[in-house]
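Peer 1: Below you will find the structure I want to go over with you.
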Amino acid sequence: MDDVSESIRNSTHATDITVLGLGAMGSALAASLLDAGRSVTVWNRTPGRASELVGRGAGTTDSVAEAVLASPVVIACLLDRSSVEETLALAAGELRGRTLVNVTTTTPNESRALASWAADHGVDYLDGAIMAVPAMIGSRAGQIFYSGSRAAYDALLPTLEIWATSEFHGEDAGLASLVDLAMLSGMYQMFTGFFHGAAMVATMGMSASDFAARQAPFLAAMSEELAGYAKVIDGGDYTVAGQQSLEFSDLAHIVRASEEEGVDPSPIATVQALISAQMAAGHGSEGLARIYEGLRPAT
Ligand code: FVH
C-alpha cells in the first residue's frame with residue numbers, strides 16, 4: 001500500500017459513502033445521497049462520468065482502492081457479476097472491515113458467491129435488488145429488496161430509505177435477487193403477451209397504440225384475480241369450488257387463431273402446453289392455478 005492510501009486508511013473517513021459505478025443507476029443513487037446531505041465519494045471505470053456529481057459536491061478518485069478507503073460504506077452499482085468481481089478484486093484488502101452494498105443485478109447464486117467472497121475478505125455484505133428506474137430513485141415509488149447481513153441493513157436503513165422503499169428478505173444473500181427476478185419474470189411475460197396480442201390485431205390494421213388502449217384496462221382488471229389464485233396456491237387445493245377449470249381454460253383456439261393469421265403463437269402456445277400437461281395428468285376439472293404445480297421444483 002502506498003503512503004497516500006496508508007494515510008487515508010489511518011484517518012477519519014473522508015466521506016460517508018462511496019459509490020462504485022456511475023452508469024444511469026449508480027449516478028442516480030449517488031445524486032440522491034448528495035441531495036439528502038450525505039458526503040459521497042464516487043469512482044467509475046471510464047473517467048469523465050463523475051464531473052456532474054463532483055460539481056454537486058462529491059469527491060472522486062482515480063483508483064477503486066482509494067475510493068473504497070474514503071468511506072466505511074461502499075455501494076457497487078455495476079453492470080453484472082463479473083464487473084463487480086473485477087472491480088472488487090482491485091480493492092480486496094481495502095474493503096476489509098467495511099460494509100459493501102451490492103445493488104448490481106445478479107442471479108441468486110451469483111449474489112451468494114459475492115457474499116461468500118466478501119465473508120472471506122472480512123467484508124459485511126448486503127445484496128440489493130432495485131425495482132425502479134433511475135428517475136424513481138429518491139422517491140417512495142421505487143422499491144429495493146435486500147438480503148444478506150441483517151446488521152448492515154439495520155444500520156444503513158436511514159440511508160437506504162433515501163433511495164426507495166426498502167424491504168429485507170433474509171440473511172441468505174440470494175433472496176433479494178430471487179424476489180426481484182421473479183417479479184421481472186411476471187412483468188416480461190405480461191409484456192410479451194401484449195406484444196403477441198398486438199401482432200394478432202395488426203393483421204386487421206389495428207395499431208399497437210389502439211390495442212394498448214383496450215388491453216391496459218383489461219389487464220388491470222384481470223390483475224385483481226392474482227390474490228385469488230395466490231390463495232388457492234397457498235392452500236394447495238385446486239379442487240375448491242368457484243375456480244376457472246383447466247378444461248374451461250383450454251387455449252387451443254387462441255393458438256389456432258394466431259396461426260390462422262400468420263402470427264407466431266409461441267407465447268400463448270407455451271401457456272397452452274402447461275395447461276395440456278396438467279390435463280394429461282388427469283387434473284382437467286381442477287383450477288387453472290394448478291399450472292403452478294407443473295412449474296415448481298418437485299419436493
Ligand atoms: N437502469 C435501470 O433502469 C435498471 C433498473 C434495475 C436495476 N438495474 C441494474 O443496475 C445496475 C447498473 O445499471 P445502470 O443502468 O447504471 O447500467 P449502465 O448505465 O449500463 O452502467 C454500467 C456501469 O457498470 C460499469 N462497468 C461495466 N463493466 C465494468 C467492468 N468490467 N469494470 C468496471 N465497471 C464496469 C460501467 O462503467 P463504464 O462503462 O462507464 O466504464 C458503468 O458505470 C445493473 O446491474 C442493472 O441491471 C438498473
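Peer 1: If I ask for residues that are part of a helix (DSSP H, G or I), at pLDDT 95 or above and open to solvent by less than 20 Å² (accessible area, probe 1.4 Å), which ones from the stretch 1-27 would you list?
Peer 2: Answer for the stretch 1-27, where residues must be part of a helix (DSSP H, G or I), at pLDDT 95 or above and open to solvent by less than 20 Å² (accessible area, probe 1.4 Å): just Gly26.
Peer 1: Here is a list of conditions, (1) at pLDDT 95 or above; (2) more than 11 Å from the ligand (Cβ to nearest atom); (3) hydroxyl-bearing (Ser, Thr, Tyr); (4) not in a strand (DSSP E or B), and Ser139 meets all of them except one; can you say which number that is?
Peer 2: Every listed condition holds for Ser139 apart from (1).
Peer 1: Scan the stretch 147-173 for residues that are closer than 20 Å to Leu114 by Cβ and among the aliphatic types (A, V, I, L, M) and jot them down.
Peer 2: Hits for the stretch 147-173 are Ala151, Ala152, Ala155, Leu156, Leu160, Ala173.
Peer 1: Would it be correct to say that Ala289 is over 30 Å from Val103 (Cβ atoms) and either surrounded by fewer than 17 Cβ atoms within 10 Å (Cβ to Cβ) or in contact (Cβ under 8 Å) with a residue 60 or more places away in the chain (or both)? Outline the logic, then answer.
Peer 2: Values: over 30 Å from Val103 (Cβ atoms): yes; either surrounded by fewer than 17 Cβ atoms within 10 Å (Cβ to Cβ) or in contact (Cβ under 8 Å) with a residue 60 or more places away in the chain (or both): yes.
Yes; evaluated as a whole, the condition is true for this residue.
Peer 1: Across the stretch 119-136, what is the total count of residues that are among the hydrophobic types (A, V, I, L, M, F, W, C) and either surrounded by 20 or more Cβ atoms within 10 Å (Cβ to Cβ) or away from the ligand (no atom under 16 Å from the Cβ) (or both)?
Peer 2: Step one: list which residues in the stretch 119-136 are among the hydrophobic types (A, V, I, L, M, F, W, C), which gives 119, 123, 126, 129-133, 135-136.
Still in the list and also either surrounded by 20 or more Cβ atoms within 10 Å (Cβ to Cβ) or away from the ligand (no atom under 16 Å from the Cβ) (or both): 119, 123, 126, 129-130.
Of the residues in that region, 5 qualify.
Peer 1: Please indicate, with yes or no, whether at least one residue in the stretch 218-238 is farther than 30 Å from Ala129 by Cα and in contact with a Gly (Cβ under 6 Å, 6 or more places away or on another chain). Don't jump to the end; show me each part of the working.
Peer 2: First, pick out the residues of the stretch 218-238 that are farther than 30 Å from Ala129 by Cα: 237-238.
Imposing the further condition that a residue be in contact with a Gly (Cβ under 6 Å, 6 or more places away or on another chain) reduces the set to 238.
Checked the stretch 218-238: at least one residue is farther than 30 Å from Ala129 by Cα and in contact with a Gly (Cβ under 6 Å, 6 or more places away or on another chain).
Peer 1: Does any residue of the stretch 153-161 turn out to be farther than 19 Å from Thr107 by Cα, in the same structural domain as Asn109 (by TED's automatic domain parsing), more than 17 Å from the chain's Cα centre (by Cα) and aromatic (Phe, Trp, Tyr)? Let's see the steps before the verdict.
Peer 2: Step one: filter the stretch 153-161 for residues farther than 19 Å from Thr107 by Cα, giving 153-161.
Okay, now just the ones that are also in the same structural domain as Asn109 (by TED's automatic domain parsing), so 153-161.
Filter once more, keeping what is more than 17 Å from the chain's Cα centre (by Cα): 153-159.
Those still in the list that are aromatic (Phe, Trp, Tyr) too: 153.
Yes; the residues of the stretch 153-161 include at least one that is farther than 19 Å from Thr107 by Cα, in the same structural domain as Asn109 (by TED's automatic domain parsing), more than 17 Å from the chain's Cα centre (by Cα) and aromatic (Phe, Trp, Tyr).
Peer 1: Can you pull out the residues in the stretch 88-116 that are open to solvent by 10 Å² or more (accessible area, probe 1.4 Å), under 21 Å from the mean Cα position of the chain (by Cα) and either of a type in the set (A, V, I, L, M) or farther than 22 Å from Ala182 by Cβ (or both)?
Peer 2: Passing the criteria: Thr99, Ala113, Ala115, Ser116.
Peer 1: Right, next: Can you tell me which residue in the stretch 190-206 is farthest from the chain's Cα centre (by Cα), limited to those that are in contact (Cβ under 8 Å) with a residue 24 or more places away in the chain and within 30 Å of Tyr146 (Cβ to Cβ)?
Peer 2: For the stretch 190-206, the residue satisfying everything is Thr192.
Peer 1: For the stretch 73-118, give me the residue count where each residue is away from the ligand (no atom under 16 Å from the Cβ) and either basic (Lys, Arg) or closer than 17 Å to Phe145 by Cβ (or both).
Peer 2: Of the residues in that region, 4 qualify.
Peer 1: I want to confirm something. Restricting to the stretch 44-72 and keeping residues that are open to solvent by less than 20 Å² (accessible area, probe 1.4 Å) and of a type in the set (Val, Ile, Thr), which single residue is farthest from the ligand (Cβ to nearest atom)? Quick ask: steps written out before the conclusion?
Peer 2: Going through the stretch 44-72, the residues open to solvent by less than 20 Å² (accessible area, probe 1.4 Å) turn out to be 50, 53, 58, 64-65, 67-71.
Subset that is of a type in the set (Val, Ile, Thr): 64, 68.
On the way: Val64: 8, Val68: 13 Å.
Selected residue: Val68.
Peer 1: Looking only at the stretch 32-43, which residues are crowded, with 21+ Cβ neighbours inside 10 Å and under 21 Å from Ala132 (Cβ atoms)?
Peer 2: Pass one, the stretch 32-43, residues crowded, with 21+ Cβ neighbours inside 10 Å: 33, 40-43.
The answer is Leu33, Val40, Val42.
The values are calculated or read from the model by the stated rules, or taken from the named source; none is laboratory data. None of these values were measured; they are calculated from a predicted model. With ideal geometry, Cβ positions are generated from the backbone for all residues, glycine too; neighbour counts draw on all protein chains shown. Accessible surface is based on the protein model in full, side chains and every heavy atom, while ligands, DNA and RNA are left aside. Shrake-Rupley method; radii C 1.70, N 1.55, O 1.52, S 1.80 Å.
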